[in-house]
Every structure is written in structure tokens, then in C-alpha cells.
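What follows is one structure encoded as C-alpha cells, with my remarks underneath.
The values are calculated or read from the model by the stated rules, or taken from the named source; none is laboratory data. None of the values given here were measured: they were computed from a predicted structure. Quick reminder, even Gly has a Cβ in these numbers, built from the backbone with ideal geometry, and neighbours come from all protein chains shown.
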Amino acid sequence: MSTYKFVINEEFKNLEPFLLNIKQLFSQNAHSIHKARNELKVIEYEGLKLVVKSFKVPNLLNRYVYAHFKPSKAKKSYDNATTLLTLGINTPTPVGYIEFFEHGLLKESFFVSLMFEYDFTIREPLLDKNFTDRDTIFQTFGEFTFDLHNNSVFHKDYSPGNILIKKGLNGYIFSIVDINRMEFKDLYYDERLKNFAKLWAKDEDLIIILKAYAKSAGMNEKRAIDNGIKYSQAHKNRINFKKRLKGIEVVD
């Protein structure tokens, strides 16, 4: 027996037919912008550009858990986006989510948001030493991250591809995505500095970010930089060790 459950943002009630037909619309659309465990596609509908995230079908145990005990990743994405916007933190506007069940177990799930027309991610200035306004971008990013933490937002996958940036008239606008793995809580000192580790930033770039963060947070600058670099290097060492075990070439 197949059933479904969905929630739609009141501002987009006219998109309910889109949500209800999402499996067919998703399979027919070829505009995939990311495909790994989950897949993202951009679909134009009723004059809007929509980003649809299709989550991988969970294993049997998690299909049961998500159906009866824990919110699905699609639901968490929608709820977290709603909370972030309430806090004044940029993330693509949530449109809705839908879950499909078979025999009482979660099978497929989708999260839909408006497309955020960004110019680049934080990855580009991290990789390109000649990128325009690198220092300004890093400083602004440090201030943005403090704003996240100061609002009790802990993004558990704070990696380069999940930090979108748009150049506005008055500076750079940051927006975060891939937000299903997120907690809302007061962050202690070490958690705040460890949150930069997944950027895989070079020390000299991380120093600029950490200086701006420490200034915003009222932290001791040297201590914040020393600890931030320590946590960053520990993360790199851990990932590189796993790669070496698998015979994969490492990048420092």
C-alpha cells in the first residue's frame, strides 16, 4: 500500500500540483546540478526556478525509523529553512516537502526551494589566490559565521559547496544550503572553532576568517587562531589517514 504526506509553504499554495506530481516531473527533467548520495535538479514551473532535492532511499532500518520515530531529511530541510529565515539568516526560500511511503515505511522524499541565484561558493576564493576581493570575502564570511553561531545555529556540514555567495550592491550576501544536518543550540567555544574545519582552508586564509570571527565574538584573537588551525589540521589529518588506508592520493 502506497501513501504520501506533504507540507507546502502557504506562500506557494499554487505549487501543490507540482509537489503532488514531483516524482514524474523529477524523472523527466535532465537539469541535474548535483548527483551523489542525493540528487538536485533545477525545474522551471509557473515562472519560478525551483531546486528539487531527491533524497536517497534509506536502508530498511532507517525507512522504519523515519516513518515512525525521526523526521525525514526532507522534513528537516524544510523545518530548518523556515527557522533560519525566522532568525534572519539567508537560505533558499522553502517551498515544501513530500514523503512517499510503501507498507508503512518511508521510501522516497523530496525537498523543494526557490533557486538562489548565487555568483560563486566559498570554494572558489579558497582555491584561487587571484580571486577578486578574497580578503574581504573571508572577513565577511567570518562575520557571517559568527552571526550563525550567535543565533544558536550549528551547521554540521559547513563545507565549501554549502556556502553560496552573491555580490550585492552593499557587499557580499551569504546563503547556506544542505541544511538537514543542523542543530539549534548554544555553542561552546570549541564547537564554534571546530565548525570551520570542513572548509579545508589553507592556514593563511583561515587566519583571515578567524580574525574576523574572533573580533565579532570578542575572543582572544591569538587563541582563536591557534585553536581554529589546530582543529582544521586535525580534520585534514583524519580524512587523509582514511584516504591512505584506501590507497587514495591525499591533498594537503
Residue satisfying all of: in the range 181-203; farther than 11 Å from residue 155 by Cα and touching a residue at least 60 places away in the same chain (Cβ under 8 Å); nearest to the chain's Cα centre (by Cα) among these
199
Within the range 119-162, restricting to residues that are over 13 Å from the mean Cα position of the chain (by Cα), more than 18 Å from residue 224 (Cβ to Cβ) and β-branched (Val, Ile, Thr), the one that is surrounded by the fewest Cβ atoms within 10 Å (Cβ to Cβ) is 132
The range 1-10, residues that are in contact (Cβ under 8 Å) with a residue 24 or more places away in the chain and either assigned to a helix (DSSP H, G or I) or not small (Gly, Ala, Ser) (or both)
1, 3, 4, 5, 6, 7, 8, 9
Scanning the range 204-213 for residues that are free of Cβ contacts under 8 Å to residues at least 60 places away in the same chain and in contact with a helix residue (DSSP H, G or I) (Cβ under 8 Å, 6 or more places away or on another chain), the one surrounded by the most Cβ atoms within 10 Å (Cβ to Cβ) turns out to be 206
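Conditions tested, residue by residue: (1) out of contact with any helix residue (DSSP H, G or I) (no Cβ under 6 Å at 6 or more places or on another chain); (2) at pLDDT below 95; (3) over 21 Å from residue 122 (Cα atoms).
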| residue | (1), (2), (3) |
| --- | --- |
| 172 | no, no, no |
| 181 | yes, yes, no |
| 188 | yes, no, yes |
| 198 | yes, no, no |
| 202 | yes, no, no |
| 220 | yes, no, yes |
| 227 | no, no, yes |
| 232 | no, no, no |
| 237 | yes, yes, yes |
Picked from the range 117-152 (must be in contact with a strand residue (DSSP E or B) (Cβ under 6 Å, 6 or more places away or on another chain) and touching a residue at least 60 places away in the same chain (Cβ under 8 Å)), the residue nearest to residue 51 (Cα to Cα) is 122
Pairs with Cβ under 6 Å, 6+ apart, first in the range 230-247 and touching a residue at least 40 places away in the same chain (Cβ under 8 Å), second assigned to a helix (DSSP H, G or I) and not small (Gly, Ala, Ser)
231/193; 231/194
Residue 224 meets each of (1) over 23 Å from the mean Cα position of the chain (by Cα); (2) assigned to a loop (DSSP other than H, G, I, E, B) with one exception, condition (2)
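Yes/no matrix, rows are residues, columns are (1) surrounded by fewer than 17 Cβ atoms within 10 Å (Cβ to Cβ); (2) of a type in the set (Phe, Trp, Tyr):
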residue: 51; (1), (2): no, no
residue: 57; (1), (2): yes, no
residue: 80; (1), (2): no, no
residue: 84; (1), (2): no, no
residue: 89; (1), (2): no, no
residue: 92; (1), (2): no, no
residue: 101; (1), (2): no, yes
residue: 110; (1), (2): no, yes
With respect to residue 141, determine if the residue is assigned to a strand (DSSP E or B) and of a type in the set (Phe, Trp, Tyr).
no
